[in-house]
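The values are calculated or read from the model by the stated rules, or taken from the named source; none is laboratory data. Keep in mind that this is a model prediction, so the values were computed, not measured. Quick reminder, even Gly has a Cβ in these numbers, built from the backbone with ideal geometry, and neighbours come from all protein chains shown.
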Amino acid sequence: MSENMKKSASTAGWRGALSGPLESVRTHWDRAPGWERWAVYVLLVVGALFLPYEGLAPIMSPESAWDTILFYPIGIYVLLALGLNVVIGYAGMLDLGYVAFWAIGAYTMATMAVKHGIGFWPLLPCGIVLAAVSGVILGAPTLRLRGDYLAIVTLGFGEIVRKVAENTNWLGGTRGINNIPHPPSHEGVWLFGVDLFTYKIRDARPYYYLLVAVIVVVIIFSKRLEASRIGRSWTAIREDEDAAEIMGVPTFKFKLLSFATGAAIGGAAGVVFAAKTSYVAPANFPFLLSATILAAVVLGGAGNIPGVVVGAFLVAWLPERFRGLADYRDLAFGAILVAMMIFRPEGLIPSRQRKAEMAEGGGGMGHMGAEVDTSGSEAEVGSR
Amino acid sequence: MLLELKDVHVHYGKIEALKGVSLQVDEGEIVSLIGGNGAGKTTTLKTISGLRSCSSGSVFFDGADIGSMPGHKRVLAGIGQAPEGRGIFPGMSVHENLLMGAYARKDDHSKELAEAYELFPRLAERRSQAAGTMSGGEQQMLAIGRALLSKPKVLLLDEPSMGLAPMLVQQIFSIIEEINRRGTTVLLVEQNAQQALRLADRAYVLETGRIVRSAPASELLDDPQVRAAYLGGDVGDAAPAGAAAAEAEAGTVALGKGEAAETKPEAGGAGPEAGKADGE
């Protein structure tokens, strides 16, 4: 049914709004046969595997080590943006403390591996589950709030997690935790001149490949969710929470689920990050990073995976690429963001549904700011 | 009795929006709830559909107390609502919106789907259009059609005439009548009192959170006080529906507070047999 729904949504009706090469590519894509899609997927993955190629380094990042940058910030930002996309893009909730879940994943890896000698692979699911659980713990009392209020609470949560890490000796305080062990190595599997499963300090590429694998899994997972009944429930909540509830969508349950799912992805990113850098400290998890990831999601096009990936890539890569501009790069970056929001407020590669929501005047952020935005309460306020 | 509210109080923070509302809806009726801005009409509907919880009092539906039942479960119990301001899903297509109406159902919904398209041929034409890009009237049709997909025992309609052209109001109201004829009980909230009273069997007049009047609709239509407060004074029934609608709006705005407030609450109300206004 969902396939049908998608098809019908994307063929007729939309034509008026279609313009430009991006739209024609998209229309083609919507009708593309299975083999063509798979071919593109495979090409994209192969392309991602080729990215660390040394020949690209002088073009992509003349001032810093390209393969290191590919892991952090680029890869990590992409993964975090994909996670935040579940919360913002799918369910339409504004989460300003997303970095907290990343921190929880990273600290899970750090403490358990350093203090209890547990390895990377058992800790990966642990970090994911712990982050998801903390998502539920944060969400259960707060998800009855909407829009701006939820944003404020999540912002607070992000700061609380950082402050707790700063002030807990067991977590290393402000100095953090170092000597976090790398994932176990299996030497001798070579690909493109990289010893694929050798996780040492010198070569960042195996970590990058590990991250690519996680990202691919997360993308498949997100896509499946999006097309499922869960995804439709999230869409309904995003577009009109009250209407969703009276259609029989258990809105609270699904909001919690979206929060937990997003948190779990953040947790996975945290574990991988800690295992690579072998050092975590509270300073790694500032509020600014939550805001940056949010910018990546919105810039790329919330709710649309290709958009989110491109957005995160740009947000991570542009400041590195223009490192030569020194302090001016933040200024330039800010100017680019402002220009983007003027000329493409729905994001670089928006989801079509989002576009229609924006056309309707909902602000395109689902129900961020819903308490004043829903027609119901608006009329209620107006009538008093 | 299908639906009953007993002494329901609802608060928004410290503001009391409903101050002890009691009303009943019998099976097969069209009951109308009229009143001015801020009277608490929408709040009453939200309380019935579970979007607002009452601070005291109880809501009975189909013999069971549903006061503590969450909103999403009330759909399955048989309460369908077309929310105020249309409340459709703007990014979804018309068809997807209708399917959302059947979200909670596990059985086959193809009959209701066909029925919705039959009642509103306009929706069939716009099947794959994004709902948010449709006109107000079409969105209202979609909201009603979507509510029908849940196969409700009672259909709650929140100001279906709001912001619509008089012709369209007529059309929507005759469809509501048709829906009722096919066996769905309707609770209709309206500011357009004239139209609502002509359609309804019985009506309640709500004012600042209280029911101040309850009577057969035809009686209210002829009642001088109600006429003065909600129906634009003495302008006759002979006026065309569109003009009357506009006047009803105007009457509400210019509502003389004293007169309407003096009307005494009348317990009970009349049965479904009370007969319709013969205005149509």
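Descriptive notes on the structure:
- Flag not set for B:Lys46, criterion: part of a helix (DSSP H, G or I), within 9 Å of chain A (Cβ to nearest Cβ) and within 15 Å of B:Lys153 (Cα to Cα).
- Test: B:Val186 is within 14 Å of another protein chain (Cβ to nearest Cβ) and under 26 Å from B:Arg213 (Cα atoms): no
- B:Leu2 being closer than 22 Å to B:Gln191 by Cβ and either more than 14 Å from chain A (Cβ to nearest Cβ) or free of Cβ contacts under 8 Å to residues at least 40 places away in the same chain (or both): no
- For the criterion of being buried (at least 20 other Cβ atoms within 10 Å of the Cβ) and either in a loop (DSSP other than H, G, I, E, B) or more than 14 Å from chain B (Cβ to nearest Cβ) (or both), A:Phe221 fails.
- Out of A:Ile293, A:Ile305, A:Ile230, sole residue that is touching a residue at least 24 places away in the same chain (Cβ under 8 Å) and either within 14 Å of chain B (Cβ to nearest Cβ) or within 30 Å of B:Leu156 (Cα to Cα) (or both): A:Ile230
- Residue tally, condition within 13 Å of chain B (Cβ to nearest Cβ) and among the polar types (S, T, N, Q), over region A:233-265: 3
- Among the numbered conditions (1) touching a Phe, Trp or Tyr at 6+ places or on another chain (Cβ under 9 Å); (2) without any contact (Cβ under 8 Å) to a residue 24 or more places away in the chain; (3) at negative phi, the only one that A:Gly248 does not meet is (3).
- Count of residues meeting criterion [surrounded by fewer than 23 Cβ atoms within 10 Å (Cβ to Cβ) and either more than 10 Å from every other protein chain (Cβ to nearest Cβ) or within 20 Å of the chain's Cα centre (by Cα) (or both)] in region B:120-138: 8
- Only one of B:Val21, B:Val31, B:Val10 that is within 14 Å of chain A (Cβ to nearest Cβ) and assigned to a strand (DSSP E or B): B:Val10
- Top-ranked residue of region A:189-218 - restricted to ones that are free of Cβ contacts under 8 Å to residues at least 40 places away in the same chain and out of contact with any strand residue (DSSP E or B) (no Cβ under 7 Å at 6 or more places or on another chain), ranked as surrounded by the fewest Cβ atoms within 10 Å (Cβ to Cβ): A:Arg202
- Leading residue by the ranking (surrounded by the fewest Cβ atoms within 10 Å (Cβ to Cβ)) among those in region B:85-112 that are small (Gly, Ala, Ser) and within 7 Å of chain A (Cβ to nearest Cβ): B:Ala104
- Whichever residue in region A:137-151 is surrounded by 15 or more Cβ atoms within 10 Å (Cβ to Cβ) and hydrophobic (A, V, I, L, M, F, W, C) and, among such residues, is farthest from the chain's Cα centre (by Cα): A:Leu145
- Helices (runs of 4 or more DSSP H) enclosed by region A:1-69 - at least 1 residues per element that are modelled with pLDDT of 85 or more and more than 14 Å from chain B (Cβ to nearest Cβ): A:20-31, A:34-50, A:57-60, A:66-69
- Here is the figure for region A:340-354: residues that are assigned to a helix (DSSP H, G or I) and charged (D, E, K, R) total 2.
- Of all residues in region B:50-84, those satisfying the criterion of being under 25 Å from B:Gly137 (Cα atoms) and either of a type in the set (D, E, K, R) or surrounded by 23 or more Cβ atoms within 10 Å (Cβ to Cβ) (or both) are B:Val75, B:Ile79, B:Gly80, B:Gln81, B:Ala82, B:Pro83, B:Glu84.
Residue by residue, here is whether (1) in contact with a helix residue (DSSP H, G or I) (Cβ under 7 Å, 6 or more places away or on another chain); (2) aromatic (Phe, Trp, Tyr); (3) farther than 18 Å from B:Gly209 by Cα holds:
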| position | (1), (2), (3) |
| --- | --- |
| B:Leu2 | no, no, yes |
| B:Val8 | yes, no, no |
| B:Glu16 | no, no, no |
| B:Leu23 | no, no, no |
| B:Lys41 | no, no, no |
| B:Leu45 | no, no, no |
| B:Ser53 | no, no, no |
| B:Ala64 | no, no, yes |
| B:Pro70 | no, no, yes |
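Each row is one residue, and each column tells you yes or no for (1) in contact (Cβ under 8 Å) with a residue 60 or more places away in the chain; (2) not polar (S, T, N, Q).
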{"residue": "A:Asp30", "(1), (2)": "no, yes"}
{"residue": "A:Val42", "(1), (2)": "no, yes"}
{"residue": "A:Phe50", "(1), (2)": "yes, yes"}
{"residue": "A:Pro58", "(1), (2)": "no, yes"}
{"residue": "A:Ser64", "(1), (2)": "yes, no"}
{"residue": "A:Phe71", "(1), (2)": "yes, yes"}
{"residue": "A:Gly75", "(1), (2)": "yes, yes"}
{"residue": "A:Asn85", "(1), (2)": "yes, no"}
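- Test set (1) buried (at least 18 other Cβ atoms within 10 Å of the Cβ); (2) part of a helix (DSSP H, G or I); (3) in contact with a helix residue (DSSP H, G or I) (Cβ under 7 Å, 6 or more places away or on another chain) - B:Ala143 fails condition number: (3)
Matching residues to (1) outside the structural domain of B:Asp7 (by TED's automatic domain parsing); (2) touching a Gly at 6+ places or on another chain (Cβ under 8 Å); (3) small (Gly, Ala, Ser); (4) modelled with pLDDT of 95 or more:
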position	(1), (2), (3), (4)
B:Gln129	yes, yes, no, no
B:Gly136	yes, yes, yes, no
B:Ala165	no, yes, yes, no
B:Leu199	no, no, no, no
B:Leu206	no, yes, no, no
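- Residue match in region A:305-313 (condition: at pLDDT 90 or above and at positive phi): no
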